Amino acid sequence: MRDILGEKMKFSLVFIMAGLLSGGLQAADIEAGKKRAGVCAGCHGQDGISIVPTFPNLKGQKAAYTEKQLLDFKNKKRIDPMMISQAKSLSDEDIKNLAAYYESLGEKK
Ligand code: HEC
């Protein structure tokens, strides 16, 4: 038992350190994300809850997932004409900030 716990602890520490190293260099700026999200609100809703059935809600989505989707649209790995045209003008920094902003809105409703 103790050994298993020890391994888990070590694993968590490595994980936390990796997170600090990758995220610590440039922390996401939620306020900047909020400002940048003005254009997104037209389709995804003011608070990240869309009123159009085919437009996804973004509120409370995990930042890592949102970031990946935006990068995929930008790199045309995920194809949607509306989102490709949105994502092409986003910098990597904008994407990080937007992802953090939508996550910060909390639980999906
Ligand atoms: C013209 C309408 C429109 C605008 C403006 C728009 N989106 Fe979208 N967005 C969509 C649609 C439609 C989809 C669903 C695409 C699909 O079906 O694959 C989508 C999908 C997404 C997804 C994937 C969500 C998921 O659950 O997989 C993210 C993330 C996203 N948009 C973020 C943004 C951000 C950030 C902005 C502002 C920079 C933005 N969108 C602006 C219409 C829009």
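Just so you know, all these numbers are worked out from the coordinates, no wet-lab data involved. Keep in mind that what you see is a predicted model, and the values were worked out from it rather than measured. Don't worry about glycine lacking a Cβ; one is built from the backbone with ideal geometry, like all the others, and counts go over all protein chains shown.
Descriptive notes on the structure:
- Restricting segment 72-104 to residues that are free of Cβ contacts under 8 Å to residues at least 60 places away in the same chain, outside any loop (DSSP other than H, G, I, E, B) and more than 10 Å from the ligand (Cβ to nearest atom), the residue that is nearest to the chain's Cα centre (by Cα): GLU103
- Listed by first and then second residue, the pairs with beta-carbon distance under 7 Å, at least 6 apart or on different chains, first residue in segment 39-53 and at positive phi and of a type in the set (Gly, Ala, Ser), second in a helix (DSSP H, G or I) and within 10 Å of the ligand (Cβ to nearest atom), are GLY48/TYR102.
- Matching residues in segment 36-70 - criterion: being more than 6 Å from the ligand (Cβ to nearest atom), out of contact with any Asp or Glu (no Cβ under 8 Å at 6 or more places or on another chain) and in a helix (DSSP H, G or I): GLY38, ALA41, ALA64, TYR65, GLU67, LYS68
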